1. State whether one or more residues within the range A:117-124 are surrounded by 19 or more Cβ atoms within 10 Å (Cβ to Cβ), away from chain B (no Cβ under 14 Å) and in contact with a His (Cβ under 9 Å, 6 or more places away or on another chain).
2. Just to be sure, is residue B:319 touching a strand residue (DSSP E or B) at 6+ places or on another chain (Cβ under 7 Å), buried (at least 19 other Cβ atoms within 10 Å of the Cβ), among the charged types (D, E, K, R) and at negative phi?
3. Is there a residue in the range A:143-157 that is closer than 30 Å to residue A:70 by Cα, among the acidic types (Asp, Glu), more than 14 Å from chain B (Cβ to nearest Cβ) and part of a helix (DSSP H, G or I)?
4. On the basis of being within 14 Å of chain A (Cβ to nearest Cβ), open to solvent by less than 60 Å² (accessible area, probe 1.4 Å) and touching a strand residue (DSSP E or B) at 6+ places or on another chain (Cβ under 8 Å), does residue B:94 make the cut?
5. With respect to residue B:194, determine if the residue is open to solvent by less than 70 Å² (accessible area, probe 1.4 Å), more than 30 Å from residue B:282 (Cα to Cα) and more than 9 Å from chain A (Cβ to nearest Cβ).
6. Take the range A:1-16 and flag every residue that is part of a loop (DSSP other than H, G, I, E, B) and surrounded by 11 or more Cβ atoms within 10 Å (Cβ to Cβ).
7. Within the range B:332-341, does at least one residue satisfy the condition of being assigned to a loop (DSSP other than H, G, I, E, B) and buried (at least 18 other Cβ atoms within 10 Å of the Cβ)?
8. If you go through the range B:52-80 one residue at a time, how many are in contact (Cβ under 8 Å) with a residue 60 or more places away in the chain and either touching a Lys or Arg at 6+ places or on another chain (Cβ under 6 Å) or β-branched (Val, Ile, Thr) (or both)?
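The values are calculated or read from the model by the stated rules, or taken from the named source; none is laboratory data. What you see is a predicted model; the values in this text were computed from it and never measured. Counting neighbours? That spans all protein chains shown, and the Cβs are built from the backbone with ideal geometry, glycine included. Note: areas computed on protein heavy atoms with side chains; ligands, DNA, RNA excluded. Shrake-Rupley method; radii C 1.70, N 1.55, O 1.52, S 1.80 Å.
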Amino acid sequence: MLFARPLADLIAELERLPGIGPKSAQRLAYHLLRLPSADTERLAQAILAAKAKLRFCELCQNVSEHERCEICRDPRRDSHQICVVAEPRDIAAIERLHEFRGQFHVLHGLLSPMDAIGPEQLRMRELLSRLEGVEEVILATNPTTEGDATALYLAKLIKPLGIKVTRLAHGMPVGGELDYADSATLLSALNYRREL
Amino acid sequence: MKEAQFTEKAVETLRLTGLILEGFRNYRHAALEPNAGFHVLAGPNAQGKTSLLEAIYLISTTRLLRGMRDAEAIREGEDRFRVEGSVAQGRTSLAVTLERGGRKRALLNGVGLPRAADLIGRLPSVCITALDLPMVSGEPGERRMFLDLELSQVYPAYLRALSLYKRALEQRNALLKQAQDRFVPDESFSAWEAQMATYGASLRDYRRRFVEELSPLAAEAQAELGEGESLKITYVSRDEALTAAEYEAALVQNRRQDIARGTTTAGPHRDDLSLTIAGRDGRLYGSQGQQRSAVIAMKLGTLELMRDKLGEPPILLLDDMLSDLDAGRRARLCQWVARHAGQAFLTCTEATAAGDEILDRATVYRVQNGTLEAL
């Protein structure tokens, strides 16, 4: 037998995590074995607690400790603006700017018929049910085929309600050099150039 | 003379100045430092002449020759292959690597590119081999492959539109199949159709313009090769849609029949080239000799077209076509190459097949059992 049974089980569990291959799984497993019991205990507790205590915010569908997440409960946030993202981690990216003062909505994925993901598999109904009083919906899905399709789909549903629908711009990275930009980015920067 | 128009600087950029093969086909290790002119690779069959051309083609297009499988190019007993070339006088390095069981990777100056296809266009080439015959005799897909590859080498925007179009098409087709079992609302379709329309119209536009320019150039090359028969190439679409709006309308209109068939019936993915040789459909009625000549003429026409767009001729890779042609045609092809080509690599069993006009200006290599020897 290559590994003792409990070790083999641990490696198998770690291997199932995204981005972890067999080699990394082994390295992590041996690392965990070397840790003091108190450390592994804490890690295990953290995983269990996160799983037990977290849920999705009833409004924006972001991961939250309460029925409503901190952003949705914050009275200083502007509820007239909703920024729609695919994943919870996208909220963190925008929040790091400390510029956007509106609220968010997490779809938890993008449309992809190939993967059997339709509107019903995403948190779209939840978005449509919270649009009253909203003045602008910013579609901040990735500029991929699926991200664009999801944005187009939502725009078709939301625009007829008289709400302004916008999409993140794409172009040259700020401070970047033309020489190093990939041709797709450069191309879209050229197509969406603006007058000075 | 068109040759006289090149500035020295331009000629330097798209030229291969170094080539290294490791574990590729029957080469354990081989290195070559080509000059700007002609290179004749001579030797018996199955010794590695074509593999050398294929290696250049690989760093140019990230693909093996038509119909070859990537994994089969790894030398027996090796875990991986690596082909690296230097261009722009060694300032830029292009490499393609493949590990057994892994995915092909492209590297630009040693840095892995997110998509292998991003390498395309850095070292444009035109490759002529006997494997290209299906371009005339085969299914429409073979001809679209020709268009896609040549256009991608010149226009990054084409390659971009092509990959986005294919992706949106796959998604729409998946949706069509789902719609056979349950109701799918219109909005779900239009999210994909809008993107197909934008990119599909762009593909057609590029292809039409390319074919319009290629047709007279190919006819001219055909005449220069001494073929008395005319050659005409036209781009053929089954549906009439020209603009994005027209194509989107066609997709909407076809939805019901597309659902029944489970596939998208209209669009550039169904288009074709029509090749008329001496007034007749070359695909159906052309003899093998006529078809071979048409392939050569189309490729030579492409070389001229790319020269016009790029400002200098792409690399010419000519694989063993010389032995398939009769003496007169062979001589005229060699003449054409001597007059029109920039950097070129030619394979033949006997170097003399390349003719004096080429040999006078060529470096000749003897290729034997995966080794190269300059003569």
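1. Within the range A:117-124, the subset surrounded by 19 or more Cβ atoms within 10 Å (Cβ to Cβ) is A:119, A:122, A:124.
Filter again for away from chain B (no Cβ under 14 Å), leaving none.
No, every residue in the range A:117-124 fails to be surrounded by 19 or more Cβ atoms within 10 Å (Cβ to Cβ), away from chain B (no Cβ under 14 Å) and in contact with a His (Cβ under 9 Å, 6 or more places away or on another chain).
2. Here the answer is yes, as residue B:319 does meet what is asked.
3. no
4. Judged against the criteria, residue B:94 is not a match.
5. Values: open to solvent by less than 70 Å² (accessible area, probe 1.4 Å): yes; more than 30 Å from residue B:282 (Cα to Cα): yes; more than 9 Å from chain A (Cβ to nearest Cβ): no.
Judged against the criteria, residue B:194 is not a match.
6. Taking the range A:1-16 first, the residues part of a loop (DSSP other than H, G, I, E, B) are A:1-4, A:16.
Result: A:3, single match.
7. Within the range B:332-341, one or more residues are assigned to a loop (DSSP other than H, G, I, E, B) and buried (at least 18 other Cβ atoms within 10 Å of the Cβ).
8. Qualifying residue count for the region: 3.
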